[in-house]
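Peer 1: Okay, handing you the structure first.
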Amino acid sequence: MEQENFYQVCPPVDQRFSVEKVRGIIEEILKEELATKNYNMGDVRLLIRRLTETILSRIKGLASKKYKYIVQVILCEAKGEGVKSSCRCLWDADTDNLASYTLMSETMICTATAFALYYY
């Protein structure tokens, strides 16, 4: 029996990137990791790496295996100033998305963003 070629352009609805789930995971990780920490410039590099790897490993299996992820963590000292951050991406509005969460404490501000890009 001959089968037709099948090329999936969009992920099935139940395998799409869930912004709410991923935002909840990011929030949980940031609160667990940063709840008792104070800003220390010497620890920032390793802390960002650990946060990035933890977020990436926790979200990888949530959506279709054809999604590729980019996780960005910005961590800075809180000294009473405001912080503005933005990103710009060229992507497919039907399949690609992002989830972000910002945690502010007395000594630091941390924003983690997970981008999900559907690989055709």
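None of the figures in this text is laboratory data; all of them are computed from the coordinates on show. Here the structure is a predicted model, which is why all the values come from computation and not from measurement. Backbone-built Cβ (ideal geometry, glycine too); neighbour counts: all protein chains shown.
Peer 1: Take the Cα atoms of the range 39-120, build their convex hull, and give its volume per residue in Å³.
Peer 2: Details: hull volume 8.2 nm³, N = 82.
Taking the convex hull of the Cα positions in the range 39-120, it is 99 Å³ per residue.
Peer 1: Computed FRET efficiency, Cβ-Cβ of Ser86 and Asp14, R0 41 Å: what is it to the nearest 0.05?
Peer 2: 0.85
Peer 1: For the range 16-21, just list the computed ³J(HN,Hα) in residue order, Karplus coefficients 6.51, -1.76 and 1.60, θ = phi - 60°, integers in Hz, with x standing in for Gly and Pro.
Peer 2: 7, 5, 9, 4, 5, 4
Peer 1: A further question follows. In deg cm²/dmol, rounded to 500, what helix-only [θ] at 222 nm does the chain give when every DSSP H run of at least 4 residues adds -39500 (n - 2.57) and the total is split over its residues?
Peer 2: Values: 2 runs with 32 residues, N = 120.
Dividing the helical sum by the residues of the chain leaves -9000 deg cm²/dmol.
Peer 1: Follow-up. Would you please put 78-90, 47-59 in order of how densely packed they are, using the mean number of other Cβ atoms within 10 angstrom per residue and starting with the highest?
Peer 2: Highest-to-lowest ranking by the protection proxy: 47-59, 78-90.
Peer 1: Rank these for me by crowding, Val44, Val9, Val22, going from fewest to most other beta carbons within 10 Å. Write out the running numbers ahead of the final one.
Peer 2: On the way: Val44 16, Val9 9, Val22 24.
Listing Val44, Val9, Val22 from fewest to most nearby Cβ atoms yields Val9, Val44, Val22.
Peer 1: Starting at the first residue of the range 106-120, write each ³J(HN,Hα) from the Karplus equation 6.51 cos²θ - 1.76 cosθ + 1.60 with θ = phi - 60°, in whole Hz, x for Gly and Pro.
Peer 2: 5, 10, 8, 10, 10, 10, 10, 10, 10, 9, 10, 10, 7, 8, 6
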